[in-house]
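The values are calculated or read from the model by the stated rules, or taken from the named source; none is laboratory data. Since we're looking at a predicted model, the values are computed, not measured. Here the Cβ positions follow ideal geometry from the backbone for every residue, glycine too, while neighbour counts run over all protein chains shown. Just the protein is used for accessible areas: all its heavy atoms, side chains included, with ligands, DNA and RNA removed. Shrake-Rupley method; radii C 1.70, N 1.55, O 1.52, S 1.80 Å.
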Amino acid sequence: MKPIFPFIVLLMLATHGLFAGEASDIRPNIVLIMADDAGFECFGCYGSKEYMTPRLDVLAAKGIRFTNCHSTPLCTPSRVNLMSGKSNVFNYENFGVYPKGEPTFANHFKQHGYATAVAGKWQLLMNRAGGITPDEAGFDTFCLWNFPGTSRERYWNPSLMQDNKLLELPQDSYGPTVVTDFLISFIQAHRDQPFLVYYPMLLPHNPFLPTPDSADRNSKDNKQNFIDMVAYVDVCVGRIEDALIELGIRENTLIVFVGDNGTNDLITSEFRDGYIRGAKGYTRDHGTHVPLIANLPSRIPTGQVNEDLVCFSDFFATLVEGAGLPAKEVRDGDGWSFWPQCLGKPGKKREWVYGYYFPRPYAKKFDDKYQHYEVRYARNKRYKLYDDGTLYDTMVDVLETRPLAIAGELLPVRDQLQAVLDQYPSKGRRIQYEQVTGVRDSQ
């Protein structure tokens, strides 16, 4: 009798190869969640003991947490940067506007067979200023606030547009719950095909109001309400993950969580041994330093903390590579994928991040916040150089109050960062400068 062991081994190897091949052909689902106005200091996994974010903390512990992700300082610029895969200097037009004709990551996913949905805050289409619809951006379905036809209420009794129909909701409906329900229904309906969910959250942007889980539903305490709102961010993330688990598709779903910019400057948070005041709207660190967590149980190794620089231009390429889709050539794209880092590999490491900020080019007066004057900057993990030649050490001077005297060992630092600035246009390519009439506030 001939031994059967070699045959069994061959059968096992062939079977394993077949299953491995099948697994590699199964494209992962993508859930990209972006909090509205929540810097890195608002999350337990980053060191906060003031905010309770247990679901996000577990996602980070069982996946990868990046410690050097930088956005633009404000919501619309970050959204344009994130969705297009290129710096705002190339395509930013105006606040509340996504430039018509610019492809998004959702366009690319839809072209490759993904079902696509977006819910939460749009702020990319203005009645008179232009922009794009969710359909033009590549989304099959949507449930959105800050969209033509909606009013200002985003939380209690919200004004939400779902597939071009204004929702009629029961009294005391809560906006974040409604949009989370919408996305869960979408996931349930598309469980048997690859899908892309983009969730630009309503929370925890001001006004700071109690949530359904607040102990005092009549609270006027901005800080306590903000703490509760961050906790409800975590609740919404947890509900989406629970739905994925219940449907049996969690193992094949990439969840990415990020913030669009720093925390509102009305909020001061306890952080480690000190305090951090939010700096939304400002170009200093606490205006741009945001959380970034990625979790895909079947692929991303657990317990990773990565210090590599990441910018918002990088998300387009990362999501595409993570899904195993053909790469998308982005005209003027300056992002590259951090997906290898997610897999525990070295990847391509950024030595610098470039920033361009001119949120409301046609304001009558410019300041250093929401009507910020046009500014460009380049930074590495420690130093930041502005286009006026000012250099800061962001580790020892996080508020950027003490410009450095550039000499000695700082000369090559300045030269390296200046070379970055020189790679980019000196002015925004989509700004109509003949219409820019604002003056800079001298205060």
Inset, instruction - Determine whether the range 355-371 contains at least one residue that is open to solvent by less than 20 Å² (accessible area, probe 1.4 Å) and over 21 Å from ASP260 (Cβ atoms). - result: yes
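Are any residues in the range 61-89 of a type in the set (A, V, I, L, M) and over 24 Å from THR268 (Cα atoms), and if so, which ones?
Restricting attention to the range 61-89, the residues satisfying the condition of being of a type in the set (A, V, I, L, M) are 61, 64, 74, 80, 82-83, 89.
Correct list: ALA61, ILE64, VAL80, LEU82, MET83, VAL89.
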Inset, instruction - Considering each residue of the range 311-354, count those that are crowded, with 17+ Cβ neighbours inside 10 Å, in contact with a strand residue (DSSP E or B) (Cβ under 6 Å, 6 or more places away or on another chain) and more than 19 Å from GLN111 (Cβ to Cβ), and give that number. - result: 8
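For the range 249-366, which fully contained helices (runs of 4 or more DSSP H) count at least 2 residues that are of a type in the set (Asp, Glu)?
Working: elements: 285-288, 314-323, 339-342.
Per the criteria, 314-323.
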Legend entry - ALA378 without any contact (Cβ under 8 Å) to a residue 60 or more places away in the chain, out of contact with any Pro (no Cβ under 7 Å at 6 or more places or on another chain), closer than 20 Å to THR104 by Cα and of a type outside the set (Phe, Trp, Tyr): no
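Do the conditions hold for VAL233, that is, is it in a helix (DSSP H, G or I) and either modelled with pLDDT of 95 or more or open to solvent by 10 Å² or more (accessible area, probe 1.4 Å) (or both)? Full working, then the answer.
On the way: in a helix (DSSP H, G or I): yes; either modelled with pLDDT of 95 or more or open to solvent by 10 Å² or more (accessible area, probe 1.4 Å) (or both): yes.
It is true that VAL233 is in a helix (DSSP H, G or I) and either modelled with pLDDT of 95 or more or open to solvent by 10 Å² or more (accessible area, probe 1.4 Å) (or both).
Could we say that PRO176 is part of a loop (DSSP other than H, G, I, E, B) and either under 21 Å from the mean Cα position of the chain (by Cα) or at pLDDT 95 or above (or both) here?
no
Pick out the one residue from GLU102, GLU41, GLU50 that is under 30 Å from GLN432 (Cα atoms), of a type in the set (Asp, Glu) and over 14 Å from the mean Cα position of the chain (by Cα).
Working: GLU41 fails: under 30 Å from GLN432 (Cα atoms); GLU50 fails: under 30 Å from GLN432 (Cα atoms).
Only one candidate qualifies: GLU102.
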Legend entry - Every pair of residues 6+ apart whose Cβ atoms lie under 7 Å, when the first sits in the range 182-198 and is open to solvent by 10 Å² or more (accessible area, probe 1.4 Å) while the second is of a type in the set (Lys, Arg) and assigned to a helix (DSSP H, G or I): ILE184/ARG239
Inset, instruction - Would you point out the residue of the range 169-181, among those that are open to solvent by less than 30 Å² (accessible area, probe 1.4 Å) and not aliphatic (A, V, I, L, M), that is nearest to GLY322 (Cα to Cα)? - result: THR180
Inset, instruction - Please determine, by comparing only the residues of the range 154-168 that are more than 23 Å from the chain's Cα centre (by Cα) and more than 19 Å from ALA117 (Cβ to Cβ), which one is least open to solvent (accessible area, probe 1.4 Å). - result: SER159
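Working only within the range 411-426, note down all residues that are surrounded by 14 or more Cβ atoms within 10 Å (Cβ to Cβ) and either within 24 Å of GLY335 (Cβ to Cβ) or of a type outside the set (D, E, K, R) (or both).
The initial filter retains those residues of the range 411-426 that are surrounded by 14 or more Cβ atoms within 10 Å (Cβ to Cβ), namely 413-414, 416-418, 420-421, 424.
Matches in the range 411-426: VAL413, GLN416, LEU417, GLN418, VAL420, LEU421, TYR424.
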